[in-house]
Amino acid sequence: MDTAAISYNDDAPPVIRVITDSLEVAALRNKIRAANAKIVKGKWDSPEAEWGRGVRLYSFREKPRTGITSHPFDTIVNEFLAAGILHKRPKYNEIYFPKGTSEHDREAFIDELFCYSPTEVWFEGKIGDFPVQFTNLFKAFARNSGGVLKDMTVMSECNEKTCKYTISICYKQYGFVATFKDCSRYFNINAINGLLAKISAYSGSKKRFTRVITGDPTMRYVFGDPVKVKKVMRKYGFVPI
C-alpha cells in the first residue's frame, strides 16, 4: 500500500491560478523576494541529507563497497542513462548496498542508482510540525530539474487558525498561486502535483516530474521525458503515476 498516496484531508482540492498580467506578476515576484530575504540561509544547499525548514531530502551516502569494477546490472545503468534518469555513469566501486544484501540484489542496486540521479527529489511525506513548509521543497524541484525550472522562485504561507495555505510561485513571465485547506502534517500531494503540472506546461520543455510509488510514507519524483521514464520504471517493477 502506498501510504503517501492517501488523502490526508477531506477538504476541497487546491485552486491554482495562473497569472499572466505583467504588473501582477512583478508585484508577486517582489513579494516572494522580500519573503525569501527574511529566511536565514542554513544547510539547505548541502549535498548531504539535511532537515531544511520542513523537508527531508534523501541524497546521503553511506560507506561504499570496494573492489567492484563491473556489474551484472550494467544494462540497467544504460537504460537509466538513455531515459535521462542518470546523466553520467556511476563508478561501481561507489555503489552502496545495505548490510546483508548482495551486490547481485537488483532492487537494492536500482534504489541506489536513484541516489545518483541529479533530477530526483525524494522526501518524507509527513513532517513533524504544522504548518508544513513548501518553500524549500519547490526549491528542490527547481534545482533538480536539469535547469528547466531553475528560474522558479517560491514562497508558502499558512493561516494556522483556518489551515488555509497559499503557495506563490513565479516562473519566467508567469505567476502561479495555489490555495487550499489542509490541517494535517503531510505535504499536500494534490497541490504539489497540480503546481508542477501547471508550471511545467509553461516551460517549453516536454520533460516533467513523474512521481514513482515508493510503498512507504516517502515521496519520490524523477524529472525527465515522462514516456521514457515511465517505460523504464515499469520495466523494473516500479509504479509511475
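The values are calculated or read from the model by the stated rules, or taken from the named source; none is laboratory data. Note that the coordinates shown come from a computational prediction; the quantities given were computed from them, not determined experimentally. In this analysis, Cβ positions are derived from the backbone assuming ideal geometry, glycine residues included, and neighbour counts consider all displayed protein chains.
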For residues that are under 30 Å from C158 (Cβ atoms) and modelled with pLDDT under 80, scanning just segment 100-138, find the one that is surrounded by the most Cβ atoms within 10 Å (Cβ to Cβ). I127
Take the residues of segment 195-212 that are among the hydrophobic types (A, V, I, L, M, F, W, C) and out of contact with any helix residue (DSSP H, G or I) (no Cβ under 7 Å at 6 or more places or on another chain): which is farthest from F180 (Cα to Cα)? A201
Do you know which residues across segment 163-209 are of a type in the set (D, E, K, R) and over 18 Å from the mean Cα position of the chain (by Cα)? K164, K172, K181, D182
Within segment 113-164, how many residues are part of a helix (DSSP H, G or I) and either free of Cβ contacts under 8 Å to residues at least 60 places away in the same chain or not aliphatic (A, V, I, L, M) (or both)? 10
Where residues in segment 139-155 are of a type in the set (D, E, K, R) and under 14 Å from the mean Cα position of the chain (by Cα), which of them is farthest from A34 (Cα to Cα)? R143
Failed item, numbered, when Q173 is tested on (1) polar (S, T, N, Q); (2) under 26 Å from K206 (Cβ atoms); (3) buried (at least 17 other Cβ atoms within 10 Å of the Cβ): (3)
Condition check: touching a Lys or Arg at 6+ places or on another chain (Cβ under 6 Å) and farther than 28 Å from T20 by Cα. Does V212 satisfy that? yes
Restricting to segment 11-26, name every residue that is loosely packed, with under 13 Cβ neighbours inside 10 Å and either part of a helix (DSSP H, G or I) or out of contact with any strand residue (DSSP E or B) (no Cβ under 8 Å at 6 or more places or on another chain) (or both). D21, S22, L23, E24
